[in-house]
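Undergrad: Attaching a single structure in structure tokens format; questions to follow.
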Amino acid sequence: MAAAAPPSPTTPAATTLPETATPCHPMFTRIRLATPSDVPHILKMTYQLAVFEHFTHLFVGTESSLSSALFSPNVQPFHSSTVFILEASQNPFTDDTHFDNDPFYKPTMKVVNLDLIIDDPEKETFRNQHGNDIFIVRFVLFFPNYSTFMAKAGFYVEDLFVRECYRRKGFGKMLLSAVAKQAVKMGYGRVEWIVLDWNVNAIKFYEGMGAKILQEWRLCRLIGDDLQAHGGSD
Ligand SMILES: CC(C)(COP(=O)(O)OP(=O)(O)OC[C@H]1O[C@@H](n2cnc3c(N)ncnc32)[C@H](O)[C@@H]1OP(=O)(O)O)[C@@H](O)C(=O)NCCC(=O)NCCS
């Protein structure tokens, strides 16, 4: 074997990366069904979404209201309000019977390579109680509806939120795709939701996912006194 050539005097020091190298930090992600222990995290993220959308004056949700909507004994995932959680860790997920044996949804795992390690200022607030160094990144809440025209059920997505420091890493796409994948699996005909007209970032994100923005449809809502006015005796 030929002797190795001596290092050239211009070789960079071993502590610096060659300019062409791309820094790579693997982040292990998991999408799973929410469990009752996620309720405090989901509630915090729904409040953060209300802040983002300037609707905190309408926000009255509590852990108890969320728990009964998601986890009452007669509630079955995908047939009523359902939450997918996306969580991430810098370490691989070890076998976790707590989630792996979920009879309704087998968790999906993916490794994402990041250029930089994410500095999460709310790390401790969103730490998963069941795992070491696993953090809740985002959630999506959805429930079934039905189209008489299509003669098929679908999913309506009520809330979709990625915590700020985790945006533009592909996590939003992964979670909305998981809802769409579940819809396909169940033979459903569509997944739909509404978006505020000023939320151009979300609109770009949805269009990138292949969603059509339906300009000709208007959302109608009966709420408050206008709803109560219909509640009297006939
Ligand atoms: C909208 C939101 C869900 C997107 O999630 P995300 O994890 O940041 O999106 P992704 O990283 O998966 O983006 C996938 C693609 O969507 C597009 N996209 C996402 N965010 C975008 C933005 N701010 N501007 C332009 N395009 C964007 C890009 O094409 C992106 O791919 P790229 O980063 O390779 O260019 C997230 O930004 C969020 O939670 N925002 C605040 C709350 C909100 O608006 N919720 C939706 C209410 S209707």
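Undergrad: Condition (residue is within 16 Å of the ligand (Cβ to nearest atom), closer than 23 Å to Phe93 by Cβ and either touching a residue at least 40 places away in the same chain (Cβ under 8 Å) or not in a loop (DSSP other than H, G, I, E, B) (or both)) applied to region 182-189: is it met by at least one residue?
TA: no
Undergrad: Turning to a different aspect of this structure: Sort through Lys173, Lys169 and tell me the only one that's of a type in the set (Lys, Arg), within 12 Å of the ligand (Cβ to nearest atom), in contact (Cβ under 8 Å) with a residue 24 or more places away in the chain and assigned to a loop (DSSP other than H, G, I, E, B).
TA: Being of a type in the set (Lys, Arg), within 12 Å of the ligand (Cβ to nearest atom), in contact (Cβ under 8 Å) with a residue 24 or more places away in the chain and assigned to a loop (DSSP other than H, G, I, E, B) holds for just one of Lys173, Lys169, which is Lys169.
Undergrad: Restrict the check to region 44-61 and report whether at least one residue is in contact (Cβ under 8 Å) with a residue 24 or more places away in the chain, in contact with a helix residue (DSSP H, G or I) (Cβ under 9 Å, 6 or more places away or on another chain) and part of a loop (DSSP other than H, G, I, E, B).
TA: There is no residue in region 44-61 that is in contact (Cβ under 8 Å) with a residue 24 or more places away in the chain, in contact with a helix residue (DSSP H, G or I) (Cβ under 9 Å, 6 or more places away or on another chain) and part of a loop (DSSP other than H, G, I, E, B).
Undergrad: Still on this structure, I have one more. On the basis of being in contact with a helix residue (DSSP H, G or I) (Cβ under 7 Å, 6 or more places away or on another chain), under 25 Å from Ala50 (Cα atoms), assigned to a loop (DSSP other than H, G, I, E, B) and at pLDDT 95 or above, does Phe139 make the cut?
TA: no
Undergrad: Out of all the residues in region 197-208, is one or more outside any strand (DSSP E or B), exposed (fewer than 10 other Cβ atoms within 10 Å of the Cβ), more than 7 Å from the ligand (Cβ to nearest atom) and over 16 Å from the mean Cα position of the chain (by Cα)?
TA: yes
Undergrad: Then there's this: What are the pairs, 6+ residues apart or on separate chains, where a residue within region 110-122 that is at pLDDT 90 or above and among the hydrophobic types (A, V, I, L, M, F, W, C) has its Cβ under 8 Å from a residue that is exposed (fewer than 10 other Cβ atoms within 10 Å of the Cβ) and in a loop (DSSP other than H, G, I, E, B)?
TA: Pairs found: Leu114/Cys24.
Undergrad: Have a look at Ser89, Ser81 and point out the one that is under 19 Å from the mean Cα position of the chain (by Cα) and either within 18 Å of Val157 (Cβ to Cβ) or exposed (fewer than 14 other Cβ atoms within 10 Å of the Cβ) (or both).
TA: From the options Ser89, Ser81, the qualifying one is Ser81.
Undergrad: Just checking, which of Gln129, Gln182 is surrounded by 14 or more Cβ atoms within 10 Å (Cβ to Cβ), within 20 Å of the chain's Cα centre (by Cα) and under 29 Å from Phe104 (Cβ atoms)?
TA: Gln182
Undergrad: Given Phe99, Phe149, Phe104, Phe143, which one is buried (at least 20 other Cβ atoms within 10 Å of the Cβ) and away from the ligand (no atom under 15 Å from the Cβ)?
TA: Going through Phe99, Phe149, Phe104, Phe143 in turn, the sole match is Phe99.
The values are calculated or read from the model by the stated rules, or taken from the named source; none is laboratory data. If you're wondering where the values come from, they're calculated on a predicted model, not measured in any experiment. Neighbour counts are summed over all protein chains in view; Cβ atoms, including those assigned to glycine, are modelled from backbone coordinates with ideal geometry.
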